[in-house]
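Each remark here refers to the structure printed beneath this line.
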């Protein structure tokens, strides 16, 4: 079972993930329209790209925007979860072993203490995001079962992986759960809100372009104060 | 009843229709008819298919429902943090549903959308700044207004407003004759006090073509005279066009895109005919948004720019003060604490915060910022058409409390509001809440403060 999941199934998952998200990104860009969006993308591409990069960069920096600074609880939960969600799948030793088996080389790996800490922090981050959904009326009104599903499936690989790592209960069971949920995330990503993995960059970048090309970019000395 | 006499899908096309609609006081019959109006689901589905593309679809899809937009919305804050005022909720429960159901919605749903689109969002675009994904709900509400308008679901005053543009090429019933008469009248009226004062009409190749808000010739003609005096003082070579002088666009608030195009093209035609070096618009926010920022796209201009450099009045004032074209008498600078209203339409949406601050540095000794300010400032409370819709007066008055409290916190009794909509909202908030403030455009203040060069002075008696 585990051999299948870390073999052909992993390949399928990765293919769907990277292929699907690439398609989403391409479709997004192809669907942009200077007339409908009322943004003259092409004639002001350089200015627009500067705005896009600035807009994305600000939001990737903890405390980089007014929004993050005004909502520290959300910011902490968000960054704890997302830092783990990016670093752990890529640089965990065990994941690198899989890459080495497949390609014969591997990327640098996280020391196990750091990986453990990141995992715990990511789970705490996910928990904080969940608390907001329950505790804050302005978030509760927006929250649907779909949102809970996305949050659940995103946090699941960290929880199951960590249980397996600690050898609590049946190792094989938890490892299988970890791989299954991890692959589920990969496969679902292009078809669900998880597509924000790439569409965040597209959408955030688009608004950065919008502000820089049309809404005063050339009039501002520095870039838009996100 | 599919189509009402007043409330229907046919845009106003004649003066008679417009007058008849105006005769329906407060839209009493109009709103009754709206309750019976048919919803053409196929037409909505087709419109969504054609116009709801990548950007908006992605916005609707990836919204993480995180609620970070809540606090960015002044209407959410001022309405006791009502969760139904969370921007994401407002748009998901209206446009989101419309898209999900592919236009198969009821009349009641459409009327609910009208209420939300025109009384719960002023299209100030602040939420987009606070959304991690960059989801701009102001843009989406403007888009929703267009869809509602196409089905005849639009507040009475908005239908009148865009009807005015369709009939008179102006937001009010100001004909070309009225306009020219007003220019001549104002030039004559003020010539005695300002020898040599002119309001040149249709002068070709001037340095400046001036465009304005129809309210000025209609109700505040002295504003036009003040603009003329300031150009006169600055020694500018300027003109106004006989047609294409109206810069505003109530049709933008109404979501009547065809009327928007007609209106803005009349201005662009004037620019092309008179070939000014640049165009300057009056102290109005939405006029700037309509003609300088959005207009090029309505007119199908691929570079997204008007036919000539087109600046806001505050940019010209900042320049005139900087270059010394207009000099301020230091004795006459504003001594009392004074604050400034940032118009969403040209500050958040066109980066002019610096220009207004530069002006304040020349004219005010104790300038105090509102908090928050610049790009992050709150809407005056009456933007996006909110000021003008009788049905939502109660909600609008509630919304004014945001600006009231911002002004009170500065301790200032004088508010400079270089925007018609903001100016109105601040006037109304004083009327409603009586906090003892005064409000002003820049023009009258500048005239009081400017040093009159010797050659322009009245000859001594």
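What follows is calculated from the coordinates using simple rules that are stated; it is not laboratory data. On a predicted model such as this, the values are computed, not experimentally measured, just so you know. Virtual Cβ from ideal backbone geometry, glycine too; neighbours counted across all protein chains shown.
Side notes on the structure shown:
- The modelled label-to-label distance between residue B:366 and residue B:101, using points 7 Å beyond Cα along the C-beta direction, is 5.6 nm.
- Based on the reciprocal of the average 1/r between different C-alpha atoms, the Kirkwood radius for chain A equals 19.6 Å.
- Mean Cβ neighbour count within 10 Å, used as a protection proxy, ranking A:52-63, B:83-94, B:447-458 highest first: B:83-94, A:52-63, B:447-458
- Span from the region A:35-67 Cα centroid across to the region B:338-387 one, whole angstrom: 23 Å
- From most to least packed by mean Cβ count within 10 Å, the peptides A:203-215, B:323-335, B:122-134, A:21-33 give A:203-215, B:122-134, A:21-33, B:323-335.
- Cα-derived Rg over Rh, computed across the protein assembly as shown with Rh taken as Kirkwood radius: 1.03
- Relative to the longest principal axis of the Cα atoms of chain B, helix B:156-168 runs at roughly 50 degrees.
- Relative to the longest principal axis of the Cα atoms of chain B, helix B:176-191 runs at roughly 30 degrees.
- Contact order relative to length of chain A, as percent, for alpha carbon pairs under 8 angstrom and 6 or more apart: 37 percent
- When peptides B:347-358, A:172-183, A:85-96 are sorted by average Cβ neighbour count within 10 Å, with the highest value leading, the order is B:347-358, A:172-183, A:85-96.
- Remark: mean inter-chain Cβ contacts per residue of A:206-213 equal 5, using a 10 Å Cβ-Cβ cutoff to other protein chain atoms.
- Computed over the alpha-carbon pairs of region A:71-143, the distance histogram in 5 Å steps reads 3, 17, 20, 17, 13, 11, 8, 6, 4, 1, 0 percent, short to long.
- Relative to one another, the C-alpha centroids of region A:95-109 and region B:158-174 are positioned 68 Å apart.
- Across peptide B:47-60, the average count of Cβ atoms from other chains found within 10 Å of a residue's Cβ is 4.
- Fully extending the segment from residue A:3 to residue A:221 would add 72.7 nm, taking 0.36 nm per residue of separation and subtracting the current Cα-Cα distance.
- Euclidean distance between Cα centres, region B:7-66 to region A:170-193, Å: 45 Å
- Counting Cα-Cα pairs of region A:1-133 in 5 Å increments starting at 0 gives whole-percent bin shares of 2, 8, 11, 13, 15, 17, 15, 10, 7, 3, 0.
- For chain B, the longest principal axis of the C-alpha atoms and the axis of helix B:107-119 are separated by about 30°.
- Average silhouette area of region B:327-449, convex hull of alpha-carbon atoms, in square nanometres: 7.1 nm²
- Net length available on complete extension from residue B:185 to residue B:19 is 57.1 nm, with 0.36 nm assigned per residue and the Cα-Cα distance removed.
- Rounded to 5, percent antiparallel among DSSP beta bridges of the protein assembly as shown: 5 percent
- Helical runs (DSSP H, four residues minimum) scored at -39500 (n - 2.57) apiece and divided by the length of the protein assembly as shown put the mean residue ellipticity at 222 nm at -17500 deg cm²/dmol.
- In this simple spin-label approximation, residue B:451 and residue A:103 carry label points 7 Å from Cα along the Cα→Cβ vector, and these lie 7.1 nm apart.
- Relative contact order computed over chain B (Cα-Cα under 8 Å; 6+ residues apart), in percent: 14 percent
- Fraction of antiparallel bridges per DSSP, chain B only, in percent to nearest 5: 5 percent
- Peptide-level mean, for B:340-351, of C-beta atoms on other protein chains within 10 Å: 3
- Each Cα pair under 8 Å and six or more residues apart adds its separation to the average, and for region B:327-449 the resulting relative contact order is 30 percent.
- At the listed q of 0.06 Å⁻¹, the Debye profile of chain B, built from one uniform point per Cα, gives log10 I(q)/I(0) equal to -0.26.
- Efficiency of FRET from Cβ geometry, residue B:435 and residue B:178, R₀ 56 Å, rounded to 0.05: 0.95
- Residue A:120-residue B:322 FRET efficiency (beta carbon distance; Förster radius 51 Å; 0.05 resolution): 0.35
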